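Working notes, beginning with the structure itself.
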Amino acid sequence: MVNIAGGVGTKKITLRKSSVSIRGVNMDVSGEYDWSKDVPNVVFNLTGDDVVLYKMFPTIYSGNWIHPKRDLNAFKDIPLFGKELSHINLKANAKIKQFVVYRELALDNMNINLKSELGHGRLDIDMIFADGDFKVASDFDADAEGRIYMHAAIKAENMYIGKLLEDVRNPDVISELPMNINAYGVANGHDLSEIMQTMTGPFVMKSAGKGYMRSELVSYIYGKDTLTSLGEGVQDLFTSDDKKNEKIKISCAAVNVKMRNGLVETQNGVAIETAAINARLAGSVDLGKEKMKLALTTVPVRGLKLSVSGNLVNSIEITGNLSEPDVKVSGLSVAGKVASATGIGLLLAPLTGGLSVVAGAGIGLVAGDLLENWLADDEPCKTALKSGAPARRDDPEWLNKPVAELMDTVFNNAATVEE
């Protein structure tokens, strides 16, 4: 239902105290479109209390969706309306108390401000997401052909991974684990796909407190008999809220990578540390081509005494399309294999009581030498934050500046847009 109140003049349309209602979800709208001057002026305001997508569009969430006869895509053919922005002046604001995206996943106290004068503009987004403060800011210029040049920054504080997973009804994977995000990027393009193809900048995410890896996640990686096959040494590391909620403490998590024209490549930039196992991520994500080739590999904590009869080093491989990746688990069996005293065997000896893997052997997408480095690393989070995103010879000078300094150029509006 649409309720329109306002007025129509010879060169101006005004909306006052108007509203839109879709299946019981109500939003108030106001604004104007004034074309009395050389440059049309557009003002648009939207407010709402509880905007719930699955109530507004129930067929999307009905489970009857049919896969199209093509690859799914995340960014392709999404317009940015740069040409239209370059010919008007625009002020837009949206304030929504709770915007429910999926199941219980909501953006709270969302405030979006967009201002553009003949394509030179500013976007600010503030919200509460997963119980954390989440901010996005961008300065941009749109030329007459519709290409947008922009730089943007993202800052999140105390965003709880456990809360996010709970809201999408996956509470038995990770709990708590507050994260901070600092990111900056420069890009240009006619549509969102081209923006992703040119996106360049640093992305840093690190934990701000403790979290817990639930036994269901460990069992998924190692198999349902993990707690038995890894022996009493690992079982003792689990604590319980109750008999059904075994968990391992996550002491830290870190991501430190650089995007270069939409491509992210990492070997040591992603790490999770727990009392029993450490997780490392290696591989690449191509935002322009919407492809990924990643391996999330678990390795044992050095110095932990284990009685091993199963797989000690395992990897989850995530490959293919960003929108529908292929996921598989592959393992490297420890029991019964022999290694040289100078290879992985030496590193695993304190862990396995003499059992080891073949020296130099890789696992899935992870090369043997990289695996050896991971096994030798006592502080993978520190390694990720310190050297996870090394500089390259052809990097622009600004890409090697501290991410906080780059973010300030956007949040404090202290720099022009870089092309």
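The values are calculated or read from the model by the stated rules, or taken from the named source; none is laboratory data. The structure presented is a predicted model; accordingly, all values stated were derived computationally and were not measured. Cβ atoms come from the backbone with ideal geometry, glycine included; neighbour counts cover every protein chain shown.
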Any chance the range 195-208 includes a residue that's in contact with a strand residue (DSSP E or B) (Cβ under 9 Å, 6 or more places away or on another chain), small (Gly, Ala, Ser), closer than 24 Å to Glu273 by Cα and modelled with pLDDT under 95? no
In the range 72-82, is there at least one residue being touching a Gly at 6+ places or on another chain (Cβ under 7 Å), over 24 Å from Ile148 (Cβ atoms) and not acidic (Asp, Glu)? no
Qualifying residue in the range 140-149 (condition: surrounded by fewer than 19 Cβ atoms within 10 Å (Cβ to Cβ), of a type in the set (D, E, K, R) and farther than 22 Å from Asn73 by Cβ): yes
Yes or no: the range 69-83 includes at least one residue that is farther than 30 Å from Gly320 by Cβ, among the hydrophobic types (A, V, I, L, M, F, W, C) and outside any loop (DSSP other than H, G, I, E, B). no
Thr59: passes all of (1) closer than 30 Å to Tyr102 by Cβ; (2) modelled with pLDDT of 90 or more; (3) not small (Gly, Ala, Ser) but (2)
Among the residues of the range 371-413, which ones are in contact with a helix residue (DSSP H, G or I) (Cβ under 6 Å, 6 or more places away or on another chain), in a helix (DSSP H, G or I) and buried (at least 16 other Cβ atoms within 10 Å of the Cβ)? Glu372, Leu375
The range 85-134, residues that are in a loop (DSSP other than H, G, I, E, B), more than 18 Å from Met150 (Cα to Cα) and small (Gly, Ala, Ser): Ala130
Enumeration of residues in the range 23-42 that are loosely packed, with under 14 Cβ neighbours inside 10 Å and under 20 Å from Met56 (Cβ atoms): Arg23, Gly24
Any idea which residue in the range 1-36 is farthest from Lys55 (Cα to Cα), counting only those that are in a strand (DSSP E or B), of a type in the set (A, V, I, L, M, F, W, C) and at pLDDT 90 or above? Ile13
Would you confirm whether or not the range 163-184 contains a residue that is buried (at least 18 other Cβ atoms within 10 Å of the Cβ), more than 17 Å from the chain's Cα centre (by Cα), modelled with pLDDT of 95 or more and not in a strand (DSSP E or B)? no
In contact (Cβ under 8 Å) with a residue 40 or more places away in the chain, within 14 Å of the chain's Cα centre (by Cα) and under 16 Å from Ile161 (Cα atoms) - does that describe any residue in the range 258-273? yes
